[in-house]
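A.B. asks: The following block contains the structure, expressed as structure tokens.
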Amino acid sequence: MPNPPHELLHGIFREDTELFSRILNVMEVPFPKTTTTTVGNVDVTETRSVLARFVDTVLEARTEDGTFLIAIEAQNEPDEKKLRNWAYYPAYLHERRGCPVVVIVVCRDMKTVEWALNPYHIGLPHHPTLVSRPIVVGPHNLPRITDSAQVVADPYAAALCALVYAHDPEIGGILEPIAASLPKLGNEHSSKFLMDYIDRGLQGTAAQEIWRKTLSIIPLTGKYRSEMAMESRAEGLAEGLAEGLAGGTTKAVLRILDRRGITVSAEIRAHITACADIDLAETWLDEALDITSADELTGLTEN
């Protein structure tokens, strides 16, 4: 079942049809200079078959060496049937259009990368009739974009980088310069596109929360801030307000305990002070009026 991260991982090549050639260039994969590139038909279904097949994204690139079809697939996990598809797609498209076909597979984790890198053979082991070997783009070979100048120079490549490295523990080093570069893009559409595209592409990952928190603090005016980013900022402000209210309430709890002459150890005092949950802090405030020892309040034992 298609999902936003899968769809956006290949869909970005439709938004910027020359992105694939720039990505191949940084990976040092030779490809002729393009003149025009357009989005092609993804349907590779044979009319004689009831089995429908669709490539994720197809581009038609006209180059100085002729026309190429670029079949782009997003792959989130190993799937043996996709190996057969990646052999079928170029054979079908080549037979139908009579031009060279390049298959690019975009992955977000090394397990999938290592699986996709294995050539798929059809025929005799020692003499295969067909060998399918797509170009694999992933964390193993896509350069990290980690400074604002790179983001401004190629926002679409930066967005792809963010999605490819979604599971990387150092993803913050990629997301922060992207967020910091948004005001420098000077284009409302580009700014909003980048914010929303990355947010949806990171869906279901811890990186999405990092992205939203990063967006909530960057100085963007309303016209450059997408609806999602405005909501993230509002959520951040609300969290800050709640933490502030909780802090004031815990101070009142400790003051009541002190005025009532109830001993509060350093451990329990630190536990109460660290509370950022306003509901819990208000519960403690009510209980502080009646308890006889601090451990009744927090469940911690006095030392």
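The values are calculated or read from the model by the stated rules, or taken from the named source; none is laboratory data. This is a predicted model, so every value here is computed, not measured. In this analysis, Cβ positions are derived from the backbone assuming ideal geometry, glycine residues included, and neighbour counts consider all displayed protein chains.
A.B. asks: Mind checking which residues of segment 170-209 are touching a residue at least 24 places away in the same chain (Cβ under 8 Å) and not in a helix (DSSP H, G or I)?
C.D. replies: 171, 185, 202, 203, 204, 205
A.B. asks: Could you list, in sequence order, the residues of segment 133-156 that are modelled with pLDDT of 95 or more and not in a loop (DSSP other than H, G, I, E, B)?
C.D. replies: The answer is 135, 136, 137.
A.B. asks: Could you tell me whether residue 282 is surrounded by fewer than 18 Cβ atoms within 10 Å (Cβ to Cβ), over 30 Å from residue 193 (Cβ atoms) and at pLDDT 80 or above?
C.D. replies: No.
A.B. asks: Of everything in segment 78-137, what is buried (at least 18 other Cβ atoms within 10 Å of the Cβ) and in contact with a Ser or Thr (Cβ under 6 Å, 6 or more places away or on another chain)? Give them in sequence order.
C.D. replies: Matches in segment 78-137: 86, 87, 120.
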